[in-house]
Every structure is written in structure tokens, then in C-alpha cells.
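The values are calculated or read from the model by the stated rules, or taken from the named source; none is laboratory data. What you are looking at is a predicted structure, and each value in this text was computed from that prediction instead of being measured. Please note: Cβ atoms are built from the backbone with ideal geometry, for glycine as well, and neighbour counts cover all protein chains shown.
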Amino acid sequence: MTTRLKRKAWGTAVPDAVRDYLRARFAASSATLEVIPLAGDASTRRYFRLRQGAGTRMICLMPEPFSVGELSFTVVRDLLAGYGLPVPEVLDQDGARGIAVLQDLGDLMLQEVLKTTSAADVVALYREAIEQLVLLQHASARGAQKAPCFQVAFDIEKLSWELHYFEKHFLEGLRGAELGVEDRATLAGGFQRLAAEIASWPRVLCHRDFHSRNLMRHQGTLFWIDFQDARMGPATYDLASLLRDSYVDLGHDFVSERVEEFRQRALPGESREVFERRFDLTCVQRNLKALGTFGYMATVRKIPVYLQYIPRTLRHAARNLQRYPELQGLRRVLARHVEELA
């Protein structure tokens, strides 16, 4: 019996690898399959919703084939699941075709939930996310740390690379800044000092991209996605991603309260002053890196959707650059080319 494939629903947007996978997996089934391409994100992965009767699952097409058991996504997923964190189940893998089939978490990102929920529910949602981060940091600090994600870190080299990525793709690429020798030297020195300080702090396991578009509300719980690039970094890194998010507006008092709640739960032995400073400096690095990504997506990949998030991200960066005397040389150079950072 052959599978009845809804070719009209598939269209030309469904690549051969996905078609071949479905024919191979469902060759003995009489089910009608519907494949729905989903809007992409900033990654090179592609997603498709597979509907079979009343059930759905998510097909993730990786940019290249992989060896089952070695794919970073599944290795990190299994690690996080072992800690008790909410991550999608892996239902099937076809490494030769570059396909992983995942539990369908729906389409409700935290970014969307926040648009219609009450103030009390917003607090509850962020407290849930913070408790998940505390669990990640405490659980990952116990026992053997053999997974590859424990062997890579936000070290000086990585943090500096991300800051120069901002210089290349946002300052020069998107804003057309013409940087002279003196400006480049000041930026290089400022980036080096910022990266060196952040890299010197104690490290924990980080999701690496923990923001409102990578938290899915499913069956009353915030589930994690896009965690395959997890690595070691400062305890403030994921918190900065969450609370100085390019995609949502959170009030100053709200952010301050959540930062203090996290400190009390995760690092009660660290002073509030030290922790808040580390949070702010992490936010500077994280927001500048995000601006670099937005510039790259617009100028290199010709995907303009992220341009709408630049003003908010610049406001975050400006606020923290202005707060610290040691950042003023860096801020002045940036402000000459990006007026929003003045």
C-alpha cells in the first residue's frame, strides 16, 4: 500500500531530503501526510510541521548529514532532559538525510504570550524561566562533565570575536561606518577589556540563546528550544539574554527585581553590587553581539525581519554603556557612528 502524500500541500518548498524521508518511513502506511513549511529563524536549519490525522510532529532539516548519537542538538537535549528541564522529545532521526523529528511544541513563543497576558502572569512566567536557569546551573555543576558543551566556553577569544562581529556587520555593514585607525584601536582595546573581564568570572553551563523566541509555552510549561550551541559562560549570560531581550520590553524595576531574585536563588554568596555590575557588562556584550547578528542577517543573508528589533537592542546597550566610567571611551567611539548610543 502506498502512502498518499498531499503533494499540493507540499509544493516546491519541501526539499527532496524531507520527501525521501517521508516516503521511506511511511511507505507501508495508508495515512495522508501534510507537510507545512514553517517560517525560518536566524539559523541554517529548516523546519516543517508534519500532520498525520490529528497528530503533528516537527521535522528539523539540518544543514548537512550527521551521525546519530553525535548531533549536538540531541546530545545537549538528552543532557538537559536528564536535569529535568523541559525540552522537546526526539521522535526519530535520519542522519544520512540530515533529519531529526521532534515533538511539536506548537507556535506559542513567550514573545507572543507576553502580548496578551496579565502583569501577574508576566511575573510568574519570568519566575518560571529563572527557576529553570537556576536548575540548569545547579544540576550541571554536579557530577561528570564529559559532554562537548562543557569543553567550549565564552572565553576571551569567543567574546572578542562576537564584538568584532558587531563591528563588521553592524557598524560597517549595516550603518556604513567609516572607521579610522584611532577608532579601530579604541574599539579593539575596549572590546578586549570587556571580553577579558567577562571571561575571568566563574563559569556555568549556558543555554547560550535564552530569550523569548526560544521559550515555547506548551501545556502550561515553558519549553526550551535552540539549545544546541550550549557552552560554558558566566552565570549572568542567560539571564542577560532573558531580561535584556531584543524582542520584548521589560520595565527597569521589573528587570531589577528578577535579577535580584536570580542572585538570591543561584548565587546568594555574591554581593548584589558585584552581581548587578556583572549582569550589566554581560548585557553590553550580549546586546552588541545581537546587533551584529541583525546586521549580518540584513546585509549578507538579505533577511530584513530583524531590523525591527534594532532600536530596542540599541536602547539596552546605550543604558549600560552610559552607566560605567570604564566604558566611556568605547561608548564615545560608538556614539560617533551610532547616534542612538550617545
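Return the residues of segment 143-158 that are touching a helix residue (DSSP H, G or I) at 6+ places or on another chain (Cβ under 7 Å) and of a type in the set (Asp, Glu); say none if nothing qualifies. Result: Asp155, single match.
Could you tell me which residue of segment 16-30 is nearest to the chain's Cα centre (by Cα), considering only residues that are surrounded by 13 or more Cβ atoms within 10 Å (Cβ to Cβ) and modelled with pLDDT under 90?
So the first thing to find is which residues in segment 16-30 are surrounded by 13 or more Cβ atoms within 10 Å (Cβ to Cβ), and the list is 17-23, 25-26, 29.
Of the ones still in play, those that are also modelled with pLDDT under 90 are 23, 25-26, 29.
On the way: Arg23: 33, Arg25: 32, Phe26: 33, Ser29: 37 Å.
Only one residue tops the list, namely Arg25.
When the residues of segment 138-171 are filtered to those that are acidic (Asp, Glu) and either in contact (Cβ under 8 Å) with a residue 40 or more places away in the chain or in contact with a Phe, Trp or Tyr (Cβ under 8 Å, 6 or more places away or on another chain) (or both), which remaining residue is surrounded by the most Cβ atoms within 10 Å (Cβ to Cβ)? Ranking the candidates gives Glu167 first. Checking Pro86 against (1) surrounded by 14 or more Cβ atoms within 10 Å (Cβ to Cβ); (2) assigned to a loop (DSSP other than H, G, I, E, B); (3) more than 17 Å from the chain's Cα centre (by Cα), which single condition isn't satisfied? In the conditions (1) surrounded by 14 or more Cβ atoms within 10 Å (Cβ to Cβ); (2) assigned to a loop (DSSP other than H, G, I, E, B); (3) more than 17 Å from the chain's Cα centre (by Cα), Pro86 misses (3) alone.
Cβ separations smaller than 8 Å between residues 6+ apart or across chains give the following pairs from segment 328-342 residues that are closer than 11 Å to Leu171 by Cα to residues that are not in a helix (DSSP H, G or I): Ala335/Ala342; His337/Arg175; His337/Ala177; His337/Leu179; Val338/Arg175; Val338/Ala177.
I'd like to know if segment 211-221 contains one or more residues that are charged (D, E, K, R), closer than 15 Å to Glu128 by Cα and over 11 Å from the mean Cα position of the chain (by Cα). Break it down into steps so the answer makes sense when it comes.
Going residue by residue through segment 211-221, those that are charged (D, E, K, R) are 213, 217.
If we keep only those that are closer than 15 Å to Glu128 by Cα too, we end up with 217.
Now drop any that are not over 11 Å from the mean Cα position of the chain (by Cα), which leaves 217.
Yes.
Each row is one residue, and each column tells you yes or no for (1) assigned to a strand (DSSP E or B); (2) under 20 Å from Ala153 (Cβ atoms); (3) without any contact (Cβ under 8 Å) to a residue 12 or more places away in the chain; (4) in the same structural domain as Pro311 (by TED's automatic domain parsing).
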site	(1), (2), (3), (4)
Arg193	no, yes, no, yes
Ala196	no, yes, no, yes
Gly233	yes, yes, no, yes
Leu239	no, yes, no, yes
Glu261	no, no, no, yes
Pro268	no, no, yes, yes
Asp280	no, no, no, yes
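Checked against (1) more than 18 Å from Met109 (Cα to Cα); (2) free of Cβ contacts under 8 Å to residues at least 40 places away in the same chain, Phe73 passes all but a single condition, namely (2).
Look at Glu178 and say whether it is of a type in the set (D, E, K, R) and in contact with a Leu (Cβ under 8 Å, 6 or more places away or on another chain).
Details: of a type in the set (D, E, K, R): yes; in contact with a Leu (Cβ under 8 Å, 6 or more places away or on another chain): no.
Taking the combined requirement at face value, the residue does not satisfy it.
Pairing each residue of segment 283-305 that is of a type in the set (Ser, Thr, Tyr) with any residue that is part of a helix (DSSP H, G or I) and surrounded by fewer than 19 Cβ atoms within 10 Å (Cβ to Cβ), provided the two are 6+ apart or on different chains, yields C-beta distances under 6 Å for Thr299/Gly173. Taking segment 82-108, which residues are within 24 Å of Phe66 (Cβ to Cβ), aliphatic (A, V, I, L, M) and touching a residue at least 60 places away in the same chain (Cβ under 8 Å)? Correct list: Leu85, Val87, Ile99, Leu105. Report, by residue number, each residue of segment 311-327 that is touching a residue at least 24 places away in the same chain (Cβ under 8 Å), assigned to a helix (DSSP H, G or I) and either surrounded by fewer than 20 Cβ atoms within 10 Å (Cβ to Cβ) or not polar (S, T, N, Q) (or both). Result: Pro311, Arg312, Leu314, Arg315, His316, Ala317, Ala318, Leu321, Arg323, Glu326, Leu327.
State whether the residues of segment 109-132 include one that is touching a residue at least 12 places away in the same chain (Cβ under 8 Å), in contact with a helix residue (DSSP H, G or I) (Cβ under 7 Å, 6 or more places away or on another chain), part of a loop (DSSP other than H, G, I, E, B) and within 30 Å of Phe262 (Cβ to Cβ). Yes. Please enumerate the residues belonging to segment 42-69 that are assigned to a loop (DSSP other than H, G, I, E, B) and without any contact (Cβ under 8 Å) to a residue 24 or more places away in the chain. Passing the criteria: Thr44, Arg45, Gly53, Ala54, Gly69.
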